């Protein structure tokens, strides 16, 4: 049984269908890339998994349980954390406070244990640790992305949904961020990664899917997708 299983999933807004017949899986501890152009439906797919959208048809199963229709809070408590595109940092809260918010779905944590975990999480991101008490609105784009990722990890998820983590960031920041994402995967957290940089995504992922106009048009191992002429032409610059 896969950790995450989507079967014939269809999702839309109003009368418009955005996703149709989507089937994919993520195994325990596996990193899977989801590639596609802007508007292909990638963010909609992640929002459906995390409970922000309810599918019109199909099945979403996590750890053997049907989760379609559950609230985002209930989905988070089951072990899914969603780091959305755009980071969504609270500008009036400090970096530390933003990170602490990631633990709201966890029950039974003492104040001392929560503070200790937050400190350990900040230590994982030295650049963020240096501005831990600064308000969110003063953080750079890279620091905001680190805070969003740290916030997601504070939930101790079994599955991490990452939506365009490199978007708008400087190359050196992206390299550092992706090293951390790689570490997360090696530590056993499953990752479903939506990423505009296909080279980076397929460098981390074991497998991947390609989404076009709401449908999966290709899937395979990272090596197979890198060798697919259509994928290379569309997403890897033909190399």
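The values are calculated or read from the model by the stated rules, or taken from the named source; none is laboratory data. Since the model is a prediction, treat every value here as computed from it, not as a measurement. Cβ atoms come from the backbone with ideal geometry, glycine included; neighbour counts cover every protein chain shown.
Results for (1) part of a loop (DSSP other than H, G, I, E, B); (2) out of contact with any strand residue (DSSP E or B) (no Cβ under 9 Å at 6 or more places or on another chain); (3) farther than 24 Å from residue 190 by Cβ; (4) modelled with pLDDT of 90 or more, shown as yes or no for each residue.
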residue	(1), (2), (3), (4)
96	no, yes, yes, yes
99	no, yes, no, yes
105	yes, no, no, no
109	yes, yes, no, no
113	no, yes, yes, no
122	no, yes, no, yes
128	no, yes, no, yes
132	yes, no, yes, yes
- Taking strands (runs of 3 or more DSSP E) that do not extend beyond the range 179-239, which have at least 1 residues that are touching a residue at least 24 places away in the same chain (Cβ under 8 Å) and within 16 Å of the chain's Cα centre (by Cα)? 190-194, 207-212
- Query: Just a yes or no: is a residue in the range 29-39 over 17 Å from the mean Cα position of the chain (by Cα) and buried (at least 20 other Cβ atoms within 10 Å of the Cβ)?
  - Reply: no
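Based on this model, can you work out whether residue 70 counts as surrounded by 15 or more Cβ atoms within 10 Å (Cβ to Cβ) and either at positive phi or in a loop (DSSP other than H, G, I, E, B) (or both)?
Details: surrounded by 15 or more Cβ atoms within 10 Å (Cβ to Cβ): yes; either at positive phi or in a loop (DSSP other than H, G, I, E, B) (or both): yes.
Answer is yes for this residue.
Any idea how many residues of the range 118-155 are surrounded by 13 or more Cβ atoms within 10 Å (Cβ to Cβ) and more than 16 Å from residue 76 (Cβ to Cβ)? It would help to see each step written out before you state the result.
Within the range 118-155, the first condition is being surrounded by 13 or more Cβ atoms within 10 Å (Cβ to Cβ), and the residues that meet it are 118-119, 121-122, 124-125, 127-129, 131-132, 134-136, 139-155.
Applying the additional criterion that residues be more than 16 Å from residue 76 (Cβ to Cβ) yields 118-119, 121-122, 124-125, 127-129, 131-132, 134-136, 139-147.
The qualifying residues number 23.
Please verify whether residue 49 is closer than 18 Å to residue 7 by Cα, touching a helix residue (DSSP H, G or I) at 6+ places or on another chain (Cβ under 7 Å) and at pLDDT 95 or above, treating the condition exactly as stated.
Details: closer than 18 Å to residue 7 by Cα: yes; touching a helix residue (DSSP H, G or I) at 6+ places or on another chain (Cβ under 7 Å): no; at pLDDT 95 or above: yes.
So residue 49 does not fit the description; no.
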